[in-house]
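The values are calculated or read from the model by the stated rules, or taken from the named source; none is laboratory data. Here the structure is a predicted model, which is why all the values come from computation and not from measurement. In this analysis, Cβ positions are derived from the backbone assuming ideal geometry, glycine residues included, and neighbour counts consider all displayed protein chains. The area values use the complete protein model at the heavy-atom level, side chains included, leaving out ligands, DNA and RNA. Shrake-Rupley method; radii C 1.70, N 1.55, O 1.52, S 1.80 Å.
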Amino acid sequence: MSLPGFRPNSSGGDAGGYRIAVFGAGYIGLVTGACFAKLGHQVVIRDIQEERIDTLRSGGVPIHEEGLAELIAENADRLTFTLDAAEAVRGAHVVYVCVDTPSTAAGDADLSRIWQVIDSLRGADQLAAVVVKSTVPVGTGEQVRAALDRAGLQHVGYASNPEFTAEGRAVHDFLHPDRVVIGSADPETAKLVTLLHEGVEGPEIVMDVASAEMVKLAANALLAAKISFTNEIATVCETNGADVEQVVRAVGLDHRLGPHFMKAGVGWGGSCFPKDSRALQAMANNGGYAFQMLRAVVDVNDLQPRRAIQRLKDELGGAFHDLTVAVLGIAFKAGTDDVREAPSTIIASRLVAEGATVRCWDPLARPLKTAPWLSATRCASPVEAMTGADAAIIVTEWPELLEVDWAGAASAMARPLLFDGRNLLDPEQMGSLGFTYMSVGRTTVRASR
Ligand code: UDX
């Protein structure tokens, strides 16, 4: 394949200054666009949400992501934002597709936004390549290739370049990745994607498109499996008197296993693990195969927040009605404002359904679309949320919770009962401060004073 009309922008920086149109100004698109701008490329980011683009144009950043605002500000001369797809594509060498692929009602990935991007490329003869970063089912690249061919863009290369960045450290992960995976049928396109990443510190692995698509789904499924496995070990620990934290510390020292993604808790959430495990299950099912291990991984995770609520309820004498419970943390993990598929949704909704009054705290979380009432009960500090409460539950591992005056909180609560859903605090210490302290995979400690 040749790259007709392909001319690196000589006014760019060290990496040659290609012109990149990034579609999608979400967590992935913004980080991708800002990092490419930092690497010296001219980037235009396009989104369909007017409010988002207005915010970006006026110097704001619509999401919280560590270091992103600074990166966008520092590279403002190489970054523009638009609502207009044609404007974004005009003059671009490469189109990066970073739109979201949410679950359909059937659990498959909804690719409609990807198709809208591809449809908007008709006539973009100067393009050298289209690269999909969004997480997609295996086989999507082949379909996109065929769609580009039908649109008269046979000369435009195609590559899959899945993202592995974790929210809260996405800028760092992009610039210092464990690996950059590039899937392409043609070596020139793979070479081009490699060139775009010049300046990124990490190994590159080039493979076929389908395998690259699969890497992302397999990696996320295995990470989710590691957490669910740890949570099952935690449950067994609870019933047998072992301490999951001690177990995991020793297990993780085995170099074949490693210590990561073995933190027991109320389960995984976020924009990737739940959606991607559903998509991989659906993909397997569509091919007539039931991915049994993955089903168990998801089932265990669905149970985690429910088990926590049930244990708390039993401790409270079997009912939440007329009681007040403080929910500490709404975001799906610390360091992000993202609430997508956060365990807090299930926990808070269950509490409300059982008649409890919920008071919550979170330093960053956006309002939850699925539980708008949570905003109304939001407190300014953890202690404010716990004041007068009959129980509190830690759902997100915010470091701020380590700084709380827990002795003061114990006195301020109607009943000093704390369920630590992230094993953040020390059981003995919490007991000595007057708490009945429950956690995941560890013995419940009763107040020792
Ligand atoms: C994940 C992948 O890590 C990333 O590579 C991919 O690109 C997108 O999905 P992210 O969803 O941002 O990233 O968060 P991550 O840090 O992986 O955590 C996911 C969930 O697992 C969170 O809810 C977190 O609280 C939970 N988790 C993580 C645990 O319960 N225990 C652990 O040991 C690790």
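Tabulated results
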item: Among 60, 17, 40: highest mean-square fluctuation, GNM of the chain, C-alpha pairs under 10 Å; result: 60
item: Taking only Cα atoms of region 242-449, radius of gyration then Dmax in Å; result: 17.6, 60
item: Top of 254, 186, 54 by mean-square fluctuation, Gaussian network on the chain, Cα under 10 Å; result: 254
item: Alpha carbon Rg of region 119-177, scaled by the compact-globule rule 2.2 N^0.38 Å; result: 1.35
item: Segment residue 172-residue 255, extension gain: residue separation times 0.36 nm, minus the distance between their alpha carbons; result: 27.4 nm
item: Order of exposure, largest accessible area first, which applies to 435, 261 with probe 1.4 Å; result: 261, 435
item: Highest-first arrangement of 312-318, 126-132, 168-174, where packing means the average Cβ count within 10 Å; result: 126-132, 168-174, 312-318
item: Principal axis dimensions, the chain - Cα atoms, whole angstrom, descending; result: 77, 48, 39
item: Pairs from 216/333; 191/226; 226/313 whose Cα-Cα separation, in the structure shown, is over 26 Å; result: 191/226; 226/313
item: Sulfur and carbon atoms: percent of accessible area, region 242-449 [1.4 Å]; result: 55 percent
item: Where 253, 71 fall by accessible area, highest first, once all protein chains stay in place (1.4 Å); result: 253, 71
item: Most mobile of 266, 22, 404 in a GNM of the chain (Cα contacts under 10 Å); result: 404
item: Relative contact order computed over the chain (Cα-Cα under 8 Å; 6+ residues apart), in percent; result: 11 percent
item: Solvent accessible area, Å² - residue 413, 1.4 Å probe, full protein context; result: 10 Å²
item: Gap separating the Cα centres of region 228-290 and region 124-203, nearest whole Å; result: 29 Å
